[in-house]
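The values are calculated or read from the model by the stated rules, or taken from the named source; none is laboratory data. Predicted model only: the values in this text are computed from it and were never measured. Note: ideal-geometry Cβ built from the backbone for every residue, glycine included; neighbour counts use all protein chains shown.
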């Protein structure tokens, strides 16, 4: 039991600790004020959908594409960041009128969660092939607690006034850079650029 808990804690930290800046940005955005519960709920959903894919992959129920192809999902936040940098994201009145604003938020949370977690399947799949029964339940419990703590830490950071004020003053540029960086880092980590280059050199 202790062994599985330790493994679960280590793997969760290794795959999720880098998501704190993303959560902080989502909680801090002016247009997301009062929607912390929505962000948290869909971050949970996105995380456990990824874990579910890991279990499916571990037991051969889905075909996971080559790693560099998985990294193509990084184009989504990269595009979001570029669009936000060019067009801005401070038209609050228009955002409030838009009936799709709420849908945009949950889709945004799920997209970023999947983007950051796509390469984690490379950890989840081999790990999940080694556990079964009660061990699976233990691991899911640890992941649930870890996700809750991660959200709490990220939300607490928004209470640091100087940090919050800095983000609010430069929201358009900071958020766009973070989103674009997420996309680029995911593609670099998955070897997407090298994979695309190799396609043209065959």
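Take the residues of the range 190-202 that are modelled with pLDDT of 75 or more and closer than 21 Å to residue 19 by Cα: which is surrounded by the most Cβ atoms within 10 Å (Cβ to Cβ)? Reasoning before the result, please.
Step one: list which residues in the range 190-202 are modelled with pLDDT of 75 or more, which gives 191-200.
Imposing the further condition that a residue be closer than 21 Å to residue 19 by Cα reduces the set to 191-192.
On the way: 191: 18, 192: 23.
The selected residue is 192.
Checking 52, 34 one by one, the residue that is outside any helix (DSSP H, G or I), at pLDDT 70 or above and surrounded by fewer than 16 Cβ atoms within 10 Å (Cβ to Cβ) is 34 and no other. Here are 81, 71, 88: which of them is at pLDDT below 80 and surrounded by fewer than 14 Cβ atoms within 10 Å (Cβ to Cβ)? Exactly one residue qualifies, and that residue is 88.
Residues are listed down the side, and each one gets a yes or a no for (1) closer than 13 Å to residue 51 by Cβ; (2) in a loop (DSSP other than H, G, I, E, B); (3) without any contact (Cβ under 8 Å) to a residue 60 or more places away in the chain:
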site: 123; (1), (2), (3): yes, no, no
site: 131; (1), (2), (3): yes, yes, no
site: 136; (1), (2), (3): yes, no, no
site: 140; (1), (2), (3): yes, no, no
site: 150; (1), (2), (3): no, no, no
site: 159; (1), (2), (3): no, yes, yes
